[in-house]
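One structure is given below, encoded as structure tokens.
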Amino acid sequence: QINCLQVGEDGTVMVTGGQDSTCRVWVIDHDSFASSLTDGYVYSSLGFESGLLRCCHVLLGHVSPITCVAMSTKLDVIISGSEDGSICIHNIRSGKFVRSLHVDASTKEVKHSCAINGISVRKLAIHVDGTFVANFSDESMYLFTVNGQKLADMNLEEQLYSMIICQQSERLITGGEKGLAKIWTLHDLSLDCTVDVSTYGAITSLVLTPLDTSQTAQYLCVGSSNGSLSIVYKSL
């Protein structure tokens, strides 16, 4: 069972997270690239046949179902979170495990190991500068570097249902049960502004339109629990 997935910036690589505690790296419609990535385990176990979607790596490190994934092909990094609170970091091209960390449920300290008393990870988002944000089931949000250093943390006082990063402006956008789209400065998690769409219920999804040099604005699309779609824009 696949619990989550994400496609990389260039649309060539996809990562999925499963109920079986593994992540899998897939190459989309690019046989030569898939051949260069596929490791011996996948080749011998799954075989290697030409096709639209090719599994190249099976990523190990978790011992409970995967809840969320984030990836950056530019950084060659995949980050995955699981029900027991473990966050694992792998390389995309090699499939190698790099490190794991978790937030201790009792002390709230960041520990560099697989979770023993961790807080379940709900959402992950990564920026090309090498930082990533993790949202946990206790309504907390942490900012880390891919090297595992904690830069900031805070309590959101609500469950998030969506969390994205605007790569160009270095802003984090969150939405959840309170129906507030909040825009945060990424480097310190300070709140920039809030867009209130609570009239339409909880925020269930957030998407930014691609930024093109010919455009005069970038749009934030906000989906709400009553079926409404709100469009937020800022002139560039």
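Descriptive notes on the structure:
- Rounded if a/c under 1.5, otherwise prolate or oblate - region 71-154, Cα gyration tensor axes: prolate
- Lysine-lysine proximity count for the chain, Cα under 29 Å, sequence distance 8 or more or distinct chains: 25
- Viscosity 0.692 mPa s, 37 °C: Kirkwood-radius Stokes-Einstein D of region 115-236 over Cα pairs, µm²/s: 220
- Projected label points at V63 and K96, each 7 Å from Cα along the beta carbon direction, are separated by 2.5 nanometres.
- Selected from L208, L101, L124 as most flexible by GNM, with the chain as the system and alpha-carbon contacts under 10 Å: L208
- Cα centre as origin, Lys/Arg/Asp/Glu Cβ charges: the chain dipole, Debye: 180
- R0 of 41 Å, Cβ-Cβ distance I2-C193: FRET efficiency to nearest 0.05: 0.70
- Unit charges at the beta carbon, dipole of the chain: most positive-side option, V27, G81, G95: G95
- Choice from C193, C88, C23 showing the highest fluctuation, given a GNM over the chain with Cα pairs closer than 10 Å: C193
- Extents of the chain, taken as max minus min of Cα coordinates on every principal axis and listed largest first, are 54, 49, 32 Å.
- Computed from backbone phi, the HN-Hα couplings of region 144-151 come to 10, 8, 5, 7, x, 7, 7, 9 Hz, rounded to whole numbers (Karplus: 6.51 cos²θ - 1.76 cosθ + 1.60, θ = phi - 60°; Gly and Pro given as x).
- Each peptide in 54-66, 220-232, 75-87 gets a packing score, the mean of other Cβ atoms within 10 Å over its residues, and the list from highest to lowest is 75-87, 54-66, 220-232.
- Placing a label point 7 Å from the Cα of K150 along the Cα-to-Cβ line, the residues of region 94-109 whose backbone N sits under 18 Å from it are 100-109.
- Nonlocal amide H pairs with V128, under 5 Å, H built at 1.01 Å: none
- For region 129-178, diffusion coefficient by Stokes-Einstein and Kirkwood Rh (Cα), 25 °C, 0.890 mPa s, µm²/s: 213
Computed from the coordinates by the stated procedures, all read-outs in this text should not be read as laboratory data. Keep in mind the model is a prediction, meaning the values are calculated, not measured. Cβ: placed from backbone, ideal geometry, glycine included. Neighbour counts: every protein chain shown.
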